[in-house]
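Q: Questions regarding the structure given below will be posed in turn.
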Amino acid sequence: MKVQAHPITGTIGAEVTGVDLAAPISAGLGADLRALLSRHLVLVFRDQHIDLAAQKCLTSVFGTPMHLPYIEPMEEDPEVIRVLKEADDRSGVFGGDWHSDLSFIPEPPAGSVLNAIDLPPYGGDTLFANQAAAWEALSPGLRDLLDGRDAVHVGKPHGVKWAPAPESRSRGAVRMVRGDPEADRERFHPAVLTDPETGRKSLYLNPVYVTRLDGMTEAESRPLLDKLKEHATRPEVSMRLRWTAGTVAVWDNYATLHFAVNDYAGFRREMWRTTFRTRAFAAWRATA
Ligand code: SIN
């Protein structure tokens, strides 16, 4: 079988054909898949129907599977989260705003694999936005302001100081870990990361966790951050993944944002998510 990547949009995402993820992944195929992820940032594999073991093997192609802090994993495996919304759950959806994963920890994950297990008949799509394309489309003035500047990330939903009131929390099936004072501390990461292999820069401003830009107050930063979020999620840099039975997707967590669309009330949706780390975050920061 010949591995081929078919771009989904002009800026982000590719459907990959010629791969059977249930079969062992050779070193050569693994290298090809890493190169494709680096180029397209989101890879989509259709009709795979893989089990947990195959999902873990695929995850290991891109990095080391992680036990995530702040999210309760599946009982069967501490490195897998069941992203589940039951048909009668009206309380919100996991990941239902533009974000990248866990940017408020010292070494945020490098990417994730999401495996469609049970899908609603319609809806439940996932949106992705290319933060390298967003960076490239910024004006020189804004680039000057952001390049070399840190942004401040705080894990408010998981801390003590800003913990959301119990009645406002999602009662969904994905259980969050809360009340950790470490999540309240300000964590500084560059507002612009640089891929150490390609030299490509991307905006790294997580709309959920970034509270301000370094050297600026929250009040000063807010209008700019809101404007940047709008810029970074424009249709021209985004894609919409319509899940079908057996679809598996992999994304780059440093150069994309994603958003789970909550439009399938009355239907069940179950996905398995694995997340991987690499040793590369220091390099993405260092070259920024
Ligand atoms: C997430 O990882 O944020 C959830 C994505 C999804 O369920 O579509």
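The values are calculated or read from the model by the stated rules, or taken from the named source; none is laboratory data. Since the structure is predicted, the reported quantities are computational estimates derived from the model, not experimental observations. FYI the Cβ positions are ideal-geometry reconstructions off the backbone, even for glycines, and counts take in every protein chain you see. Surface areas here come from the heavy atoms of the whole protein model, side chains and all, with no ligands, DNA or RNA. Shrake-Rupley method; radii C 1.70, N 1.55, O 1.52, S 1.80 Å.
Q: Name the residues whose placed amide hydrogens come within less than 5 Å of the amide hydrogen of R200, ignoring near sequence neighbours (fewer than 5 apart) on the same chain.
A: Close amide H contacts, sequence-distant or interchain: D195.
Q: On to the next question. Just check segment 1-107 against the gyration tensor rule for me: Cα atoms, a ≥ b ≥ c as the square roots of the eigenvalues, rounded for a/c under 1.5, and otherwise prolate or oblate depending on whether a/b exceeds b/c.
A: It comes out prolate by the Cα gyration axes.
Q: Still on this structure, please answer the following. Taking only protein heavy atoms and a 1.4 Å probe, what accessible area per residue, in Å², does the chain have with all protein chains in place?
A: Value for the chain: 44 Å² per residue.
Q: Say the dipole of segment 4-286 comes from +1 at the beta carbon of Lys and Arg and -1 at that of Asp and Glu; which of F45, A27, W251 then lies farthest toward its positive end?
A: W251
Q: May I pose another question? For segment 81-140, state which trypsin sites (Lys or Arg not before Pro) are in a DSSP loop and have at most 13 other beta carbons lying within 10 Å of their beta carbon.
A: Passing both the DSSP loop test and the Cβ count: R90.
Q: Still on this structure, please answer the following. HN-Hα J couplings of segment 198-212 from phi, Karplus 6.51/-1.76/1.60, θ = phi - 60°, integer Hz, Gly and Pro as x?
A: After applying 6.51 cos²θ - 1.76 cosθ + 1.60, I find 9, x, 6, 8, 9, 5, 10, 10, 6, x, 7, 10, 6, 9, 6 Hz.
Q: Can I ask one more? Shape verdict for the chain, please, from the Cα gyration tensor: rounded (a/c under 1.5), prolate (a/b greater than b/c) or oblate. Don't jump to the answer; show the numbers that get you there.
A: Working: a/c = 1.57, a/b = 1.16, b/c = 1.35.
Because a/c hits 1.5 or more and a/b fails to exceed b/c, the chain counts as oblate.
Q: With point charges of +1 on the Cβ of Lys and Arg and -1 on the Cβ of Asp and Glu, referenced to the Cα centre of the chain, which listed residue (G124, V113, T211) lies farthest in the positive direction of the dipole?
A: Toward the positive end, the furthest listed residue is T211.
Q: Here's something else I'd like to know. Picking from A163, S100, W135, whose Cα lies most toward the positive end of the charge dipole for segment 100-236 (charges on Cβ: Lys, Arg +1; Asp, Glu -1)?
A: A163
Q: Still on this model: For the pairs K85/K227; K85/K156; K85/K201; K201/K229; K156/K229; K201/K227, note any where the Cα-Cα span goes beyond 26 Å.
A: Cα-Cα > 26 Å for K85/K227; K85/K201; rest within.
Q: Turning to a different aspect of this structure: If each DSSP helix of 4+ residues adds -39,500 (n - 2.57) and the sum is divided by the residues in the chain, what number results at 222 nm, nearest 500 deg cm²/dmol?
A: -6000 deg cm²/dmol
Q: OK, next. Ordered by residue, what ³J(HN,Hα) values in Hz, to whole numbers, does segment 24-29 give under the Karplus form 6.51 cos²θ - 1.76 cosθ + 1.60, where θ = phi - 60° and Gly and Pro are x?
A: In residue order, the calculated couplings are x, 9, 6, 4, x, 5 Hz.
Q: Hey, can you grab everything whose amide H is under 5 Å from the amide H of I117? Only 5+ residues off in sequence or another chain; H modelled, so Pro and N-termini drop out.
A: So I117 has HN proximity to E270, M271, W272.
Q: To the nearest 20 debye, what charge dipole does segment 4-286 have about its Cα centre, counting +1 at the Cβ of each Lys and Arg and -1 at the Cβ of each Asp and Glu?
A: Magnitude of the dipole: close to 340 debye.
Q: I need the phi-derived Karplus couplings for segment 34-47: 6.51 cos²θ - 1.76 cosθ + 1.60, θ = phi - 60°, integer Hz, Gly and Pro marked x.
A: Listing the rounded values in order: 5, 5, 5, 5, 4, 7, 9, 6, 9, 10, 10, 10, 9, 6 Hz.
Q: As a test, work out the antiparallel percent of DSSP beta bridges whose residues both lie in the chain, rounded to the nearest 5.
A: Around 95 percent antiparallel, to the nearest 5.
Q: For the chain, which whole-number percentage of the solvent-accessible area (1.4 Å probe, protein heavy atoms only) is attributable to carbon and sulfur atoms?
A: Details: 6690 of 12720 Å².
Carbon and sulfur together cover 53 percent of it.
Q: Could you work out how far the C-alpha centroid of segment 1-80 sits from that of segment 116-162, in angstrom?
A: Their Cα centres are 21 Å away from one another.
Q: To the nearest 10 square angstrom, how much accessible area does S139 have with a 1.4 angstrom probe?
A: Surface open to solvent at S139 totals about 60 Å².
Q: Hand me the trypsin sites (Lys or Arg not before Pro) from segment 149-250 located in a DSSP loop with no more than 11 other Cβ atoms within 10 Å, in residue order please.
A: K161, R171
Q: If you don't mind, there's one more thing I want to ask. Ignoring ligands, DNA and RNA, how do H99, H49, H189 rank by accessible area with a 1.4 Å probe, largest first?
A: H49, H99, H189
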